[in-house]
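Since the structure comes first, as structure tokens, the remarks are kept for the end.
What follows draws every value from the coordinates through simple rules; no lab data is involved. Quantities reported herein were computed from a predicted structural model and do not represent experimental measurements. Reconstructed Cβ throughout: ideal geometry from the backbone, glycine too, with neighbour counts over all protein chains shown.
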């Protein structure tokens, strides 16, 4: 069979640990045999980020702005233990946070639904899409370890030299301090991305913050969303028969547990990080969640919503067998290839991505799956496969479908 030709390369961002191992398996077994793959490769493994002073992360984000579509492997955001383990020069920032800050936009995460994997929340009948703001907050924070007694102040100095000043806290002893920021233009992009996505998918949109406590920071999010909705989208939503409403984040958590699903839940950056893990886990597995960053000017970065699967990687290094779920990473590749095909007018590439996703779902529904799914499936007589076996089973299913 002749391989599908590509015109424009994907930006390929390699990653860390077990997902890096799966990344190569997926390319070797599921992509390269069928697609004449063109990528501009960036190694975002922690060692290379450290060696380049994290410049490689910036370069990969700028390449995404150039080419329009990227696919990213899971990466490590180092903590103190990782600094020691990898002998890092410093505790590098989240690569996802860096990329999101450069691209701007919104991350949309949706569970992958398969028969036999029922949600833990019995009322959920349809997928819940988490729309996560992709700029600022704790991912672009400034932090201090406070050595002792003293006054902490929040100070803004304007270009004209005028200052705004607010006392944060009078420390009586050691502690910690954190400063966060966001931008009106980024919040506006977030709002429009969410409203447009809701209209495209014809789903209701929820938005939730904690404006009763954060009366300026979170309230600004609420006000910008409401103003844009009222002036640009209210009539469009009414015509589409969908709704938008704002509620507090704690109220949204209570509401979502009693809902049937089938809507978009917009969250600030960290809230979206946490809630997407909650939703994906409740639907079955952290490895069963698609994730795409969409910038205001139509750039796309696809990735898995989960981490690097550190525990499995250490087993892998010892030569022990692992049964790591690769579904979300496969769907990152299919999402990127489909979008590349759409933008370049290559229908064969779109069809390939659709069929490969169908093969993944069919493989699981036939009873062949990794251990995490086997532990929760309602299917009987399932076959638990290791990491490599599952990927090869997907290839067999795909080839039978041709």
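FRET efficiency for the residue 115 to residue 145 pair, using the beta carbon distance and R₀ = 56 Å, is estimated at 0.65.
Across the alpha-carbon set of region 21-138, the Rg to Rh ratio works out to 1.02, Rh being the Kirkwood radius. Could you tell me how many degrees, from 0 to 90 and to the nearest 10, lie between the Cα long axis of helix 387-401 and the main elongation axis, the longest principal axis, of the Cα atoms of the chain? So the inclination is approximately 60 degrees. Distance between the pseudo-spin-label points of residue 59 and residue 223 (7 Å out from Cα toward the beta carbon): 4.3 nm.
With neighbours defined as other Cβ atoms within 10 Å of a residue's Cβ, the residues 227, 320 order from fewest to most as 320, 227. Volume per residue for region 58-115 equals 132 cubic angstrom (convex hull of Cα atoms). Note on the chain: with a GNM built from Cα contacts shorter than 10 Å, the maximum mean-square fluctuation among 172, 216, 236 falls on 172.
For region 154-261, the calculated P(r), taken from all Cα-Cα distances in 5 Å bins from zero up to the bin holding the longest distance, is 2, 9, 16, 17, 17, 13, 9, 6, 6, 3, 1, 0 percent. Its relative contact order, with pairs defined as Cα atoms under 8 Å and 6+ residues apart, puts the chain at 21 percent.
Taken along the Cα-to-beta-carbon direction at a fixed 7 Å, the label points for residue 250 and residue 361 span 3.9 nm. Compared with the dominant Cα axis of the chain, that is its longest principal axis, helix 55-67 is turned about 70°. Taking the centroid of alpha carbons for each part, region 66-112 and region 300-363 are 17 Å apart.
Axis angle, to the nearest 10 degrees, between helix 347-365 and the longest C-alpha principal axis of the chain: 80 degrees. Within the listed set 294, 11, 309, the Gaussian network model of the chain (springs between alpha-carbon atoms below 10 Å) gives the highest mean-square fluctuation for 309. Springs join every pair of Cα atoms under 10 Å in this Gaussian network model of the chain, and among 234, 355, 311 the largest mean-square fluctuation is at 311. Rounded if a/c is under 1.5, else prolate if a/b beats b/c, else oblate: with a ≥ b ≥ c from the C-alpha gyration tensor eigenvalues square-rooted, which is region 117-205? Oblate shape, in that a/c is at least 1.5 and b/c is the bigger or equal ratio. Kirkwood analysis of the Cα pair distances in the chain returns a hydrodynamic radius of 22.6 Å.
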